[in-house]
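A.B. asks: Sharing a structure with you now.
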Amino acid sequence: MINILPAPDHVVALRIGGILTGADYDRVIAETEAKLRRHEHLGVYVEMTDFDDLTPEAVAKDRAYGESKMAEPGRFPRKAVVTDKQWIRVLIQKLDPLVPESTAKVFEPAERDKALAWASAVPGA
């Protein structure tokens, strides 16, 4: 399940909980693409404290969308992830160096405001 959260227009802000489905991912893509039409760069803010898993369809959509954005490096310069799950923290820290045009940073649940402010500080915002 995904909830789109209030945030500045140049930030995609999401709360992901339970099991993420393909339909959930379609909503994320639609929200993201609408904002990309209005802004050159977007910050990303994601709360993942209640996240459990992804369906195979969601994994496939995530992969396809990510690959489609590889031709647009730098569109997402800051990605803030709020989580209390150690496995998510480790995954983000391992993957972050593989995408040099963007920086991902993990925040604790008590740091939600700090995380949103950090994700919002993107060029041209």
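A.B. asks: Assuming Glu47 fulfils every condition listed in (1) in a strand (DSSP E or B); (2) without any contact (Cβ under 8 Å) to a residue 40 or more places away in the chain; (3) of a type outside the set (Phe, Trp, Tyr) apart from one, which condition is it?
C.D. replies: (2)
A.B. asks: Can you name every residue in region 6-47 that is basic (Lys, Arg) and either under 16 Å from Lys69 (Cβ atoms) or touching a Cys at 6+ places or on another chain (Cβ under 7 Å) (or both)?
C.D. replies: First, pick out the residues of region 6-47 that are basic (Lys, Arg): 15, 27, 35, 37-38.
Listed by number, the residues that qualify are Lys35, Arg37.
Condition check ((1) touching a residue at least 40 places away in the same chain (Cβ under 8 Å); (2) under 15 Å from Ile16 (Cα atoms); (3) of a type outside the set (S, T, N, Q); (4) surrounded by fewer than 16 Cβ atoms within 10 Å (Cβ to Cβ)) across all residues:
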{"position": "Met70", "(1), (2), (3), (4)": "no, no, yes, yes"}
{"position": "Val82", "(1), (2), (3), (4)": "no, yes, yes, no"}
{"position": "Trp87", "(1), (2), (3), (4)": "no, no, yes, yes"}
{"position": "Ile92", "(1), (2), (3), (4)": "no, no, yes, no"}
{"position": "Leu95", "(1), (2), (3), (4)": "no, no, yes, yes"}
{"position": "Pro100", "(1), (2), (3), (4)": "no, no, yes, yes"}
{"position": "Thr103", "(1), (2), (3), (4)": "no, no, no, yes"}
{"position": "Lys114", "(1), (2), (3), (4)": "no, no, yes, yes"}
{"position": "Ala119", "(1), (2), (3), (4)": "yes, no, yes, no"}
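A.B. asks: Among Val28, Val81, Val90, which is within 18 Å of Asn3 (Cβ to Cβ), modelled with pLDDT of 90 or more and not in a strand (DSSP E or B)? Write out each step before concluding.
C.D. replies: Details: Val81 fails: not in a strand (DSSP E or B); Val90 fails: within 18 Å of Asn3 (Cβ to Cβ).
It is Val28.
The values are calculated or read from the model by the stated rules, or taken from the named source; none is laboratory data. Everything numeric in this text was worked out from a predicted model, so none of it was measured. Using ideal geometry, Cβ is built from the backbone for each residue, glycine included, and neighbour counts are taken over all protein chains shown.
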